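Notes follow the structure.
The values are calculated or read from the model by the stated rules, or taken from the named source; none is laboratory data. All values derive from a computational prediction rather than experimental measurement. Cβ placement follows ideal geometry from the backbone for every residue including glycine, while neighbour counts extend to all protein chains displayed.
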Amino acid sequence: MMTPQHIPTLAVKLVWRGDELPKLSDQSPLQSGLPFVYIGLVVLGVLLALTFGTRVWRRLHGTGPALQRIVTPRRGAAPESAGNPAAVFRRIAGQLGLARADQKLLTKISAAQGLPSPLTLLFSPATLNHHAAVHTADMLPARRDQVLDRIAAVEQQLFGG
């Protein structure tokens, strides 16, 4: 246990040991370890520059969290098209001028046929007609004719013929 009377002798011993340390000028540069300290500092600086440089690059070029905040919808906000195929379909169908009733019909056909999205029906008239025919195969003739007439009108609007 250290008592207050030992503190002055400890301080003298520390100072004395400090005088015994070799001076850097007495040694060669490689023995002192100084170049290795400089190399370590340079490597550390390069790593820091790369880390922060990539963050700045991502932010400037839109490939980081800033883009993710733009693409990902906010909680509680209306569903946006990011990650929502139904919203993408509604937006594209609206831009093509399809009525809501036609959009619902295409959504119903795609769900009944097990398609991943109603967008599949917008790619070609053959795809639209095939899935509509399979969907209406079990319907009563009057209802089938009604749905196929509506599909023909949608095909005319989308593909022009």
Within region 117-130, is there a residue that is touching a Gly at 6+ places or on another chain (Cβ under 9 Å), free of Cβ contacts under 8 Å to residues at least 24 places away in the same chain and in a helix (DSSP H, G or I)? no
Can you find a residue in region 135-149 that is under 22 Å from residue 86 (Cβ atoms), of a type in the set (A, V, I, L, M), in contact with a Ser or Thr (Cβ under 6 Å, 6 or more places away or on another chain) and in a helix (DSSP H, G or I)? yes
Any residue in region 89-104 that is more than 25 Å from residue 146 (Cα to Cα), modelled with pLDDT of 85 or more and not polar (S, T, N, Q)? yes
